[in-house]
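The values are calculated or read from the model by the stated rules, or taken from the named source; none is laboratory data. As the structure is a prediction and not an experimental result, all values here were calculated from the model. Neighbour counts run over all protein chains shown; Cβ positions are idealised from the backbone, glycine included.
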Amino acid sequence: MYIAIDIGGTKMRAALYPDKGIEPLRIKRIKTIGRNKTTLERLVTLIKQVWPERGKILALGVAVPGYLNPHTGIVYSAPNIPNWKQLPLGQILHSKFNTTIMLGNDANLAAMGEWRYGAGQGTHNLLYLTISTGIGGGVIINNNLLVGAQGLAAELGHVTILPDGPLCSCGQRGHLEALSSGNAIAKFVSDKLAKGIRSSLKNIKHISAQDVSLAAHAGDALAQEAMDRAAGYLGMALANFVHIFNPEMIILGGGVLQSGSRFLEKTRIALERYIIAKEYLEHVIITRAQLGDDSGLYGALAFAHTGAIAPLN
Ligand SMILES: [Zn+2]
């Protein structure tokens, strides 16, 4: 059997799976942050809740929302989880549960989930980006998840697209995340409204990307500009990625992609604009993610499967 865990900013889920198949035998969820216990204590409790009374756990896969080294099991930092800095999570879980522990970045594992069980089934080389409040990414290359030397590869949201551009959540400027994420879209509109640009959004207090998306659909010029600008920069970034990885599929997930076909179309136009040779795009499928919220959990399961064959640590 396998256990897969998806740690989110607000909730954690754990599921017990049979040796083969993706129908969970048990599934539990718990809040990530609570009053009495630390997130680590809550995680251990959650794993115990799905642990089987008999039978062997071949590997435990964990999707973590942060920077970590899958080779050593050390979580360098997880911005939304208090005190997860230089945390030897792999070692701690191994000492408590005595099985192979496979830790992965949540967006990396979401890529793996979509590849194994979602939109990317049957492909060998794919890119996955989740465009929500931030931007995360994952790369499958020659049927393997790209992890890199320190396990930090495929940070696709933090590539510089516009030097001296808007401030990114990481502290740098002009990253893709600062231009095309949900937060970036909302901030672009707020800044324009503060300058007196007219828009149907002017009376909304805390503008979200969803507000902007809805206004864009209704024909609001500023909202359309914000969405098209985000899509344009995304397409530019995708052209860079396509030149590096030459994928056969690009899977886009996250809330911003729910905004409709115009966003995807504008992304595609920009991608074509910046590509150096049409051959790159001749067989590339650009598609939406299929697994939604479950991509991390499925990815953790797929990663646990690979760990049972070849443990990383
Ligand atoms: Zn950044």
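When A215, A239 are checked against the criterion of being farther than 19 Å from A107 by Cβ, in contact with a Phe, Trp or Tyr (Cβ under 9 Å, 6 or more places away or on another chain) and either of a type in the set (S, T, Y) or part of a helix (DSSP H, G or I) (or both), a single residue qualifies: A239. The set of residues in segment 176-195 that are under 19 Å from the mean Cα position of the chain (by Cα) and farther than 15 Å from T130 by Cβ comprises A178, L179. Taking segment 10-31 as the range and being under 22 Å from W115 (Cβ atoms) and under 21 Å from the mean Cα position of the chain (by Cα) as the test, the residues that pass are R13, A14, A15, I22. Whenever a residue of segment 218-247 is crowded, with 24+ Cβ neighbours inside 10 Å, its partners that are modelled with pLDDT under 95 and of a type in the set (G, A, S), lying with C-beta atoms within less than 7 angstrom and at least six residues away or across chains, give the pairs M227/S259. Pick from segment 104-146 the residues that are part of a loop (DSSP other than H, G, I, E, B) and among the β-branched types (V, I, T): which of them is surrounded by the most Cβ atoms within 10 Å (Cβ to Cβ)? Within segment 104-146, the match that is surrounded by the most Cβ atoms within 10 Å (Cβ to Cβ) is T133.
Taking the criterion of being more than 13 Å from the ligand (Cβ to nearest atom), out of contact with any Leu (no Cβ under 7 Å at 6 or more places or on another chain) and touching a residue at least 12 places away in the same chain (Cβ under 8 Å), the residues of segment 153-198 that qualify are G182, I185, A186, K187, F188, S190, R198.
Being more than 12 Å from the ligand (Cβ to nearest atom), β-branched (V, I, T) and over 30 Å from A310 (Cβ atoms) is a condition met by at least one residue of segment 206-228. A149 satisfies every condition listed in (1) more than 10 Å from the ligand (Cβ to nearest atom); (2) among the aliphatic types (A, V, I, L, M); (3) crowded, with 22+ Cβ neighbours inside 10 Å except (3).
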